[in-house]
Amino acid sequence: MFAVLKTGGKQYRVQSGDVLRVEKLAATAGETIQFNEVLMVGSTVGAPLVDGAAVQAEVLDQIKGVKTINFVKRRRKHSSKRTKGHRQQLTLLRVTDILESGADKSGVKAAVGAGSVVTEAPAAKAPAAKPAPKKAAKPAPAAEAPAAAADDLKKLSGVGPALEKKLLAAGITSFAQIAAWTEEDVARFDEELSFKGRIEREGWVEQAKELANG
């Protein structure tokens, strides 16, 4: 039996025993993790996910992919060029089991990307408790303050509504996040969002530092 799972923005067709490389996960070698975003199991197609299905895998190692070379040359009077290499961090896995149902009762840690909060697989629901005796009504609690709004990323040089939408979709909502980017982060977002060297060319990181400080 095979399954199609989703992780790191990509889809993988797997079956028990397969070894595959995926975007780096928050796990260590020897751990068993569970992918809960399953799009298809055998002949069952999800809408978009198959309810209760999961793929379990053993983490073999944390590795790096093949080096890719990013070459940029600017055609100007005082021309410049830059060559930079990048090796994507990956996790090597071996698929151990495919669950058609009961994923919420397995107790296996859910697979999450590196840098995300690691959560355990949801436990089985406890039986509903009997309703407590009615008490005198209490004043309704004050409404929680709304979450802080995202920064206006269009203040960055070269960022319009379309690029701002790409950044927000990738979870980038504040100048502080961009100001904290490392060279590896810049290379990764440049590749994933097809910015073609715009981040470094426009100097977003330095601009974000100034904007974040007010």
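Using 0.36 nm per residue and subtracting the Cα-Cα separation, the extra length available between Lys6 and Asn70 on full extension is 20.3 nm.
So if I place +1 on the C-beta of Lys and Arg and -1 on the C-beta of Asp and Glu, and nothing else carries charge, what would the dipole magnitude of region 2-110 be about its Cα centre? I want it in debye, nearest 20.
For this selection, approximately 1820 debye.
Simple spin-label estimate for Ser79 and Thr44 gives 6.0 nm between the two label positions (7 Å along the Cα-to-Cβ direction from each Cα).
Could you pull out the pairs from Lys155/Lys209; Lys6/Lys67; Lys84/Lys165; Lys24/Lys73; Lys6/Lys84 whose alpha carbons sit more than 19 Å apart here? Present the calculation step by step, with values, prior to reporting the outcome.
Working: Lys155/Lys209 12 Å; Lys6/Lys67 24 Å; Lys84/Lys165 27 Å; Lys24/Lys73 31 Å; Lys6/Lys84 30 Å.
Correct reply: Lys6/Lys67; Lys84/Lys165; Lys24/Lys73; Lys6/Lys84.
Amide H to amide H distances under 5 Å link Ile63 with Leu90, Thr91, Leu92, where only residues 5 or more positions off or on other chains count and H is placed in the peptide plane.
Taking a straight Cα-Cα cut-off under 14 Å and skipping sequence neighbours fewer than 8 places away in the same chain, the aspartates and glutamates within cross-link reach of Lys105 are Asp51, Glu120.
Among Val55, Val4, Ser80, whose Cα sits farthest toward the positive end of the charge dipole of region 1-83 (+1 at Cβ of Lys/Arg, -1 at Cβ of Asp/Glu, about the Cα centre)? Towards the positive end, the residue furthest out is Ser80. Net charge of the neighbourhood of Lys154, taken over other residues with C-beta under 11 Å away and scored Lys/Arg +1, Asp/Glu -1, is -1. Region 15-84 and region 163-214 have Cα centres spaced 21 Å apart.
Quick note: the coordinates plus some simple rules give every number you see, no bench work behind them. What you see is a predicted model; the values in this text were computed from it and never measured. Because the Cβ atoms are built from the backbone with ideal geometry, glycine has one as well, and the counts that use them run over all protein chains shown.
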